[in-house]
């Protein structure tokens with residue numbers, strides 16, 4: 001009966017609106033009519049939706065549910081990976097087990113980047129701390145959740161039964177599991193860790209566990225390669241690149257080329273008759289022809305190496321990344337270029353990370369500090385020796401290298417030694433950059449002063465860091481985020497040039 005009455009009144013309302021000017025229609029009259037027909041108030045009028053009569057129960061059922069915040073429990077490795085991580089969880093709440101705080105304390109002393117991260121996080125936490133951080137938690141600001149520290153005296157029964165060993169990982173897992181048991185909405189309690197094994201243990205107990213993915217790139221396949229091959233290119237325009245001034249307007253190329261125009265991107269333009277190597281200079285709006293030219297005696301052996309040398313020797317390109325598998329010549333080209341343009345810089349500084357996440361293991365090696373770090377730096381000295389061996393012992397270019405090392409104008413040191421340094425007019429090469437976190441990469445680049453050039457080389461498929469992969473390492477992150485910047489150039493080296501045996505091993509093994 002009620003449904004029939006609703007249909008009748010709804011029909012009456014629509015008929016009235018149809019034959020009335022909407023601007024002159026009195027909506028209050030409709031509301032009064034519905035209230036008289038339905039005194040029990042189980043129906044009401046939605047004046048914003050053509051005066052639809054709506055059942056109150058259905059309206060409440062269809063109302064959008066308010067989203068309750070999630071609770072993320074952070075593991076130590078997430079904090080050491082990104083000391084600013086507590087600001088990356090939007091409106092959700094963050095829980096830090098006391099076992100994590102204790103473990104971070106062990107990393108505060110030292111000069112590695114990981115030690116700097118530990119100290120930075122401790123200072124951040126101290127700046128917002130108070131008694132509330134151990135109770136209900138402290139707000140991280142408007143639109144953000146709360147952060148709190150939880151104390152667990154012993155392992156929970158379930159953790160003890162599943163894992164007999166009492167260690168930091170299991171204490172973190174125990175704290176997360178206790179929160180999970182007490183939560184009414186168990187699906188919104190999540191352990192965040194970069195430790196794959198700990199995630200598997202959590203999932204075995206029914207607890208959600210995730211990797212920290214804030215600084216991950218989307219896909220390796222979509223990572224910016226720095227070059228593009230343009231097939232069947234217009235021959236008339238191609239010939240212009242071989243005529244002075246060996247350049248073609250970008251607008252002219254864009255009309256006949258369906259390629260992506262990115263600043264400092266490299267292009268192989270070819271057809272059945274000829275080909276040319278070019279790069280796009282957005283400052284002049286021209287495509288410039290690139291010729292194979294040596295850098296301190298090192299001659300490029302393929303198109304990608306030619307592109308790499310062009311970027312390395314280009315003074316206006318202040319940031320260069322070179323990726324590629326072992327034997328493609330990444331470090332060798334960077335060193336040769338630095339020597340070639342040394343007159344523009346106060347110093348050539350070459351560095352690489354020593355040991356991912358921790359420097360504990362080198363402490364057990366025999367000898368003094370130099371003896372401990374020497375083996376890690378040796379590959380860089382080997383590349384320098386390759387350059388030097390091109391010249392005779394009495395050759396002036398060989399003597400230049402010796403003098404640069406002696407006068408400390410060419411320095412090869414662990415990356416941790418960068419701490420506190422001001423990078424003014426320095427050609428700075430960071431080798432094995434794939435073993436750095438995005439936060440560490442940011443720390444390095446933000447130290448660049450006027451007149452400096454930063455070069456990062458690495459193989460994103462050969463990562464030694466226990467908590468990084470092809471998508472989360474700093475080199476991939478940098479390539480993905482700096483694409484299109486006028487001060488930046490990237491090239492991925494594909495062909496190994498070390499030897500035929502090395503290339504075959506790299507492809508088959």
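Here, each number is a calculation from the coordinates, and none is a lab measurement. Here the structure is a predicted model, which is why all the values come from computation and not from measurement. Counting neighbours? That spans all protein chains shown, and the Cβs are built from the backbone with ideal geometry, glycine included.
Points to keep in mind about this one:
- Pairwise FRET efficiency - residue 108 versus residue 162, Cβ, R0 = 35 Å, nearest 0.05: 0.65
- Across every direction, the projection of the convex hull enclosing the Cα atoms of the stretch 406-509 has a mean area of 8.8 nm².
- Pair-distance profile P(r), taking every C-alpha pair of the stretch 189-247, with 5 angstrom steps and integer %: 4, 13, 12, 10, 9, 8, 6, 6, 5, 5, 6, 8, 6, 2, 0
- Mean-position separation - Cα centroids, the stretch 381-431 and the stretch 262-306, in angstrom: 27
- The order of 480, 251, going from fewest to most other C-beta atoms within 10 Å of their C-beta, is 251, 480.
- Evaluated at q = 0.10, 0.15 Å⁻¹: base-10 log I(q)/I(0), Debye formula over Cα of the stretch 294-508: -0.42, -1.01
- Rounded to 0.05, the FRET efficiency of the residue 98 and residue 139 pair, given R0 = 22 Å and the Cβ-Cβ distance, is 0.60.
- Kirkwood-Stokes translational diffusion coefficient of the stretch 167-291, alpha-carbon pairs, 10 °C, 1.306 mPa s, µm²/s: 84
- Ordering of 216-228, 184-196 by burial proxy (mean other Cβ atoms within 10 Å per residue, highest first): 184-196, 216-228
- Full extension of the chain segment joining residue 236 with residue 462 gains 77.0 nm, where the gain is 0.36 nm per residue of separation less the Cα-Cα distance.
- Approximating the spin labels as points 7 Å out from Cα along Cα→Cβ, the residue 408-to-residue 220 distance works out to 4.0 nm.
- Modelled spin labels at residue 486 and residue 183, positioned 7 Å past Cα toward Cβ, are 4.8 nm from each other.
- Translational diffusion of the stretch 71-210 was estimated from the Stokes-Einstein equation, with Rh taken as the Kirkwood radius over Cα pairs; at 4 °C and 1.567 mPa s the coefficient is 85 µm²/s.
- The residue 243 and residue 500 beta-carbon pair, evaluated with R₀ = 51 Å, returns a calculated FRET efficiency of approximately 0.85.
- Computed label-point distance, nm, for sites residue 271 and residue 509 using a 7 Å Cα→Cβ extension: 4.6
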